[in-house]
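Student: My questions all concern the structure below.
The values are calculated or read from the model by the stated rules, or taken from the named source; none is laboratory data. Treat the numbers as computed from the prediction; the structure is a model and nothing was measured. Note that we place each Cβ from the backbone using ideal geometry, even for glycine, and neighbour counts take in every protein chain shown.
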Amino acid sequence: MAELSNCPKCNEIFVKNQFRDICQNCWKEEEKAYEAVYQFIRKRENRTAKTLEVVEATGVKEELILKFIKSGRLKLAHFPNLGYPCEKCGTSIREGKICGGCADELRKDLQRFTSEEEQRAEILKREKNATYFSVNEKINRRL
């Protein structure tokens, strides 16, 4: 369902819907920027351009180019040197949210955490099984 919202770019009030999160005017500006980027990288000599080269040549902000890539409007399969930053370390990647190195590091951390939890559970189990109860002598005398 549509709702009134302020445009995050120009602060103008607009009807927000599931297709657009910015006002009509800002959307038109983004479309012009997309066309400029697409026309630039579509040329054979520019297909191997890196993101910063596209920014310099078109004047379109890097954040907007990354938005086009993440939304799927620019297909990375056609442009081998374009990418977007890893969400953890910032290295340029072409798929997923994190690079291979960060993924390996997270896997190792998870394995380490899992093994530590298993060790803690084993220690608690041993302590529970090794608990001895002694009867206080004063209690025995009263009985």
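Student: Go through region 13-74 and tell me which helices (runs of 4 or more DSSP H), entirely inside it, have 1 or more residues that are under 29 Å from residue 3 (Cβ atoms) and among the polar types (S, T, N, Q). Step through it out loud before you land on a result.
Tutor: On the way: elements: 24-42, 51-58, 62-70.
Per the criteria, 24-42.
Student: Return only the number of the condition from (1) of a type outside the set (Gly, Ala, Ser); (2) assigned by TED's automatic domain parsing to the domain that holds residue 8; (3) modelled with pLDDT under 85 that residue 127 does not satisfy.
Tutor: For residue 127, the failing item is (2).
Student: Somewhere in region 63-76, is a residue small (Gly, Ala, Ser), surrounded by fewer than 16 Cβ atoms within 10 Å (Cβ to Cβ) and touching a Phe, Trp or Tyr at 6+ places or on another chain (Cβ under 8 Å)? I'd like the intermediate steps shown before the answer.
Tutor: So in region 63-76, the residues small (Gly, Ala, Ser) come out as 71-72.
Pick out the ones that are also surrounded by fewer than 16 Cβ atoms within 10 Å (Cβ to Cβ) and you get 71-72.
Remaining after also requiring touching a Phe, Trp or Tyr at 6+ places or on another chain (Cβ under 8 Å): none.
Within region 63-76, not a single residue is small (Gly, Ala, Ser), surrounded by fewer than 16 Cβ atoms within 10 Å (Cβ to Cβ) and touching a Phe, Trp or Tyr at 6+ places or on another chain (Cβ under 8 Å).
Student: Take region 5-36 and flag every residue that is out of contact with any Leu (no Cβ under 7 Å at 6 or more places or on another chain) and within 13 Å of residue 74 (Cα to Cα).
Tutor: Selection gives 31, 34, 35, 36.
Student: Moving to a separate point now. Against the conditions (1) within 22 Å of residue 20 (Cβ to Cβ); (2) surrounded by fewer than 14 Cβ atoms within 10 Å (Cβ to Cβ), where does residue 84 fall short? Just the number, please.
Tutor: Single failed check for residue 84: (2).
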